[in-house]
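**Student:** Below: one structure in structure tokens.
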Amino acid sequence: MELSEKILQNHDKIREYLHCGYVNWDSLIEKIDRQERCSYDDFLDEQIWTFIVACGYAIAGKEGLKKLCSILTNRTDLLTEKIWFEVLPSSPRKREGATHLDLAIGDICVRKGTESGIELKNHKESSWIAFCKMKWYSDISYNVSYDQQRNQLARVIENALFFEQENNFAKEVFVNLVTPKIFKETSNKSRLYCYKFREYDENPKNTLVNDLLNCELAFKRENFESLIQERISTLRLEWTTFDLLFDLIPESDISNEIKEFEMKYNKAKLNS
């Protein structure tokens, strides 16, 4: 049986632990089915690769979610109730729409009055979140509306730092850049995110803070300069690979089909 059929067959089991935001479930399945029928040599759709990863961990229930938490945070004591796919956290900037977030886990709930919006689930003092920026072959965008100097990675980090509910922020913030391994381990750094991630990781209180403070968009809060300095201390940046996420997918009703799909269509892995 093909992967698209197996995901459809296990719809209820997957959706119990996977929240799909502004995307259409049937459209996602159709894209996988089309790839299986047409067999394009190198499958480039990072949204579908992300969806397949999310399904692979969600179907394994709480154990799958626990394993995903461990991979994305390097900690074994953090638990999430759901995987959040293609959701919309509110921007802390004026005139900036909600950020389209690829994947998230942690203390998160649906923002009131929305289906795709998310906010902090503020039910405990030790709240945490992990936001993921997924990139297959594409680079991070640098042509953000109203500020041509604002890059996509900085925007996701800022959204994570100021993710809130009623002025309460997450106590621990993880931001993951997720790419094929070939872009993480090569000495030939062909992507802008290779440089920005290194700058932000090595010196966040300087480079990252400067990039956030120099944004042309006004901050919604008056004391944003002191808040940024304060919030930076909660941040941990991680660079995870699709390769690792696929390699560690737990055994389930769809795990064999996922591995076969990746083996056939993931040319990025073959070149690593």
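The values are calculated or read from the model by the stated rules, or taken from the named source; none is laboratory data. Computed from a predicted model, the values in this text were never measured in an experiment. Every residue, glycine among them, receives a Cβ derived from its backbone with ideal geometry; neighbour counts consider all protein chains shown.
**Student:** If you take just the helices (runs of 4 or more DSSP H) that sit entirely in region 117-203, which of them hold at least 2 residues that are modelled with pLDDT of 90 or more and under 16 Å from Ile228 (Cα atoms)?
**Tutor:** Because the criterion is at least 2 residues that are modelled with pLDDT of 90 or more and under 16 Å from Ile228 (Cα atoms), the helices (runs of 4 or more DSSP H) in region 117-203 that meet it are 152-161, 192-202.
**Student:** Something else about it: Right, Leu103: at pLDDT 95 or above and touching a Lys or Arg at 6+ places or on another chain (Cβ under 9 Å) or not?
**Tutor:** yes
**Student:** For region 23-56, how many residues meet the condition of being among the hydroxyl-bearing types (Ser, Thr, Tyr) and at pLDDT 95 or above?
**Tutor:** Number satisfying all stated conditions: 2.
**Student:** Further, regarding this structure: Residue check: is Glu230 more than 22 Å from the chain's Cα centre (by Cα) and either small (Gly, Ala, Ser) or under 27 Å from Ala170 (Cα atoms) (or both)?
**Tutor:** Spelling it out, Glu230 is indeed more than 22 Å from the chain's Cα centre (by Cα) and either small (Gly, Ala, Ser) or under 27 Å from Ala170 (Cα atoms) (or both).
**Student:** Please go through region 211-223 and pick out each residue that is farther than 20 Å from Leu177 by Cα and assigned to a helix (DSSP H, G or I).
**Tutor:** Passing the criteria: only Leu213.
**Student:** Specify the residue that is nearest to Ala154 (Cα to Cα); the eligible residues are those in region 194-208 that are in contact (Cβ under 8 Å) with a residue 12 or more places away in the chain and out of contact with any helix residue (DSSP H, G or I) (no Cβ under 6 Å at 6 or more places or on another chain).
**Tutor:** Checking each candidate, the answer is Phe197.
**Student:** Select from region 228-272 the residues that are in contact (Cβ under 8 Å) with a residue 60 or more places away in the chain, surrounded by fewer than 19 Cβ atoms within 10 Å (Cβ to Cβ) and part of a loop (DSSP other than H, G, I, E, B) and list them in ascending order.
**Tutor:** Once the filter is applied, which keeps residues that are in contact (Cβ under 8 Å) with a residue 60 or more places away in the chain, surrounded by fewer than 19 Cβ atoms within 10 Å (Cβ to Cβ) and part of a loop (DSSP other than H, G, I, E, B), region 228-272 yields Thr234, Leu248, Pro250, Glu251, Asp253, Asn271, Ser272.
**Student:** Suppose the filter is crowded, with 20+ Cβ neighbours inside 10 Å and either at pLDDT 95 or above or not acidic (Asp, Glu) (or both); does Leu79 pass it?
**Tutor:** Against the criterion (crowded, with 20+ Cβ neighbours inside 10 Å and either at pLDDT 95 or above or not acidic (Asp, Glu) (or both)), Leu79 does not qualify.
**Student:** Further question: With respect to Leu217, determine if the residue is modelled with pLDDT under 95 and either more than 20 Å from the chain's Cα centre (by Cα) or surrounded by fewer than 17 Cβ atoms within 10 Å (Cβ to Cβ) (or both).
**Tutor:** Spelling it out, Leu217 is indeed modelled with pLDDT under 95 and either more than 20 Å from the chain's Cα centre (by Cα) or surrounded by fewer than 17 Cβ atoms within 10 Å (Cβ to Cβ) (or both).
**Student:** A further question follows. Given the conditions (1) modelled with pLDDT under 90; (2) in contact with an Asp or Glu (Cβ under 8 Å, 6 or more places away or on another chain), which single one is not true for Phe246?
**Tutor:** Answer for Phe246: the failing condition is (1).
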